[in-house]
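First comes the structure, then the notes that go with it.
The values are calculated or read from the model by the stated rules, or taken from the named source; none is laboratory data. Computed from a predicted structure; not experimentally measured. Glycine also receives a Cβ, built like all others from the backbone with ideal geometry; neighbour counts cover every protein chain displayed. Protein only, heavy atoms only, side chains kept; ligands, DNA and RNA dropped before computing areas. Shrake-Rupley method; radii C 1.70, N 1.55, O 1.52, S 1.80 Å.
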Amino acid sequence: MTTDNELRDQIDLQKLPAHIAIIMDGNGRWAKQRGHDRVFGHQHGVEAVRQTAEAAAELGVKYLTLYAFSTENWNRPKAEVDALMSLLVHTIHGELKTLNDNNIRLRAIGDLKSMSSEVLAQLNEAIANTANNNRMDLILALSYSGQWEITEAVRTIAIAVKDGTLNPDDIDEATISSNMNAPDIPDPELMIRTSGEYRVSNYYLWQLAYSELYFTNVLWPDFRKNDLYEAIIDYQKRERRFGQTSEQLTNIKG
Ligand code: IPE
Ligand code: IPE
Ligand code: MG
């Protein structure tokens with residue numbers, strides 16, 4: 001069996017993705033396989049979050065975004081939504097010390113005003129409490145969807161045009177990027193989805209333009225440090241061409 005350390009040693013730290021984005025999927029199936037209700041799976045997903053954040057920070061990843069709750073997840077049964085929100089409050093509260101011990105800054109993207117005041121209060125407290133940490137940003141995508149984010153950006157840009165502060169001819173990709181929720185964060189080089197589903201489910205639609213996509217059958221509650229290492233090792237074997245030819249990349253003169 002390959003140990004965590006053996007896998008970790010295969011990672012080229014010079015070629016680390018600065019930003020890894022994860023769709024944490026499969027909690028419900030994990031619980032069902034064990035004869036429990038879906039919430040049991042969400043509860044066990046917390047350990048995977050802890051391990052993944054710690055592993056990413058230890059390696060030197062600068063940004064880790066976790067898709068925790070999508071716009072569409074509001075359509076789940078109320079009992080599950082309520083349980084997820086309550087788990088969120090308790091987890092953020094419970095992990096605050098670990099975040100600070102690991103010098104991790106907590107951030108959030110998404111339609112946060114749709115969250116309950118209880119969630120918002122806990123979230124804002126943790127964000128404020130970790131604001132000076134600088135080893136890694138842990139970004140929670142909450143009530144988030146890529147289409148929502150792009151729609152919001154379009155609205156902001158439209159208002160600027162209407163106000164006369166922006167000329168439509170000056171709108172370019174950078175204008176759109178700068179109107180995303182967290183414009184300082186570079187686009188993810190690597191996007192990981194667990195649970196064997198091959199879709200992006202409205203995640204980071206703008207930012208995933210040139211991300212490398214990695215899919216694993218591991219269900220989120222089972223995801224551990226070595227699973228993150230495997231994803232990074234796979235990513236490092238890929239050739240990112242950005243529309244160019246392979247020859248152009250290997251011959252610096254093009
Ligand atoms: C991911 O696990 C967690 C959230 C979407 C909040 P799921 O709850 O989607 O689990 P599956 O996909 O039904 O197994
Ligand atoms: C995506 O997972 C959202 C999160 C992980 C928060 P879902 O389980 O909601 O996605 P679909 O419904 O399978 O596409
Ligand atoms: Mg799912």
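Which residue pairs have Cβ atoms under 6 Å apart, sit 6 or more places apart or on different chains, and have a first residue in segment 201-227 that is within 17 Å of Ala153 (Cα to Cα) and a second that is of a type in the set (A, V, I, L, M, F, W, C)?
Between residues of segment 201-227 that are within 17 Å of Ala153 (Cα to Cα) and residues that are of a type in the set (A, V, I, L, M, F, W, C), the close pairs are Tyr203/Ile23; Tyr204/Ala21; Trp206/Ile150; Leu208/Met191.
Going by the structure shown, is His93 more than 20 Å from Pro188 (Cβ to Cβ), open to solvent by 20 Å² or more (accessible area, probe 1.4 Å) and part of a loop (DSSP other than H, G, I, E, B)?
Spelling it out, it is not the case that His93 is more than 20 Å from Pro188 (Cβ to Cβ), open to solvent by 20 Å² or more (accessible area, probe 1.4 Å) and part of a loop (DSSP other than H, G, I, E, B).
Take the residues of segment 120-153 that are outside any strand (DSSP E or B) and hydroxyl-bearing (Ser, Thr, Tyr): which is surrounded by the fewest Cβ atoms within 10 Å (Cβ to Cβ)?
Residue satisfying both the conditions and the ranking: Thr151.
Just to be sure I understand, how many residues within segment 183-201 are buried (at least 17 other Cβ atoms within 10 Å of the Cβ) and over 22 Å from Asp4 (Cα atoms)?
5
Do any helices (runs of 4 or more DSSP H) entirely within segment 1-67 hold 3 or more residues that are farther than 21 Å from Phe215 by Cβ and touching a residue at least 24 places away in the same chain (Cβ under 8 Å), and if so, which?
Hits in segment 1-67: 38-59.
Using the structure shown, decide if Thr216 is modelled with pLDDT of 95 or more and within 16 Å of ligand 3 (Cβ to nearest atom).
yes
Which one is nearest to ligand 2 (Cβ to nearest atom) among residues in segment 1-43 that are among the polar types (S, T, N, Q) and open to solvent by less than 90 Å² (accessible area, probe 1.4 Å)?
Asn27
What is the one condition in (1) within 21 Å of Ile22 (Cα to Cα); (2) out of contact with any Phe, Trp or Tyr (no Cβ under 8 Å at 6 or more places or on another chain); (3) away from ligand 1 (no atom under 14 Å from the Cβ) that Asn129 does not satisfy?
(1)
So that you can scan it fast, the table gives a plain yes or no per residue for (1) in contact (Cβ under 8 Å) with a residue 60 or more places away in the chain; (2) part of a strand (DSSP E or B); (3) under 28 Å from Arg8 (Cα atoms):
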site	(1), (2), (3)
Tyr198	no, no, yes
Ile232	yes, no, yes
Tyr235	yes, no, yes
Arg240	no, no, yes
Glu247	no, no, no
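Out of Ser70, Ser117, report the one residue that is surrounded by fewer than 16 Cβ atoms within 10 Å (Cβ to Cβ) and either more than 16 Å from ligand 3 (Cβ to nearest atom) or under 16 Å from the mean Cα position of the chain (by Cα) (or both).
Ser117
Return a yes/no flag: does segment 44-61 have any residue that is within 16 Å of ligand 3 (Cβ to nearest atom) and open to solvent by less than 10 Å² (accessible area, probe 1.4 Å).
Within segment 44-61, one or more residues are within 16 Å of ligand 3 (Cβ to nearest atom) and open to solvent by less than 10 Å² (accessible area, probe 1.4 Å).
For segment 156-182, how many residues are within 28 Å of Tyr210 (Cα to Cα), open to solvent by less than 70 Å² (accessible area, probe 1.4 Å) and in a loop (DSSP other than H, G, I, E, B)?
The qualifying residues number 6.
Mind checking which residues of segment 164-200 are within 16 Å of ligand 1 (Cβ to nearest atom) and on the phi > 0 side of the Ramachandran plot?
Within segment 164-200, Ser195, Gly196 meet the criteria.
Among the residues of segment 193-208, is any more than 18 Å from Ile20 (Cβ to Cβ), more than 16 Å from ligand 3 (Cβ to nearest atom) and hydroxyl-bearing (Ser, Thr, Tyr)?
Taking every residue of segment 193-208 in turn, none turns out to be more than 18 Å from Ile20 (Cβ to Cβ), more than 16 Å from ligand 3 (Cβ to nearest atom) and hydroxyl-bearing (Ser, Thr, Tyr).
Quick check on Leu205: is it out of contact with any helix residue (DSSP H, G or I) (no Cβ under 7 Å at 6 or more places or on another chain) and of a type outside the set (S, T, N, Q)?
Here the answer is no, as Leu205 does not meet what is asked.
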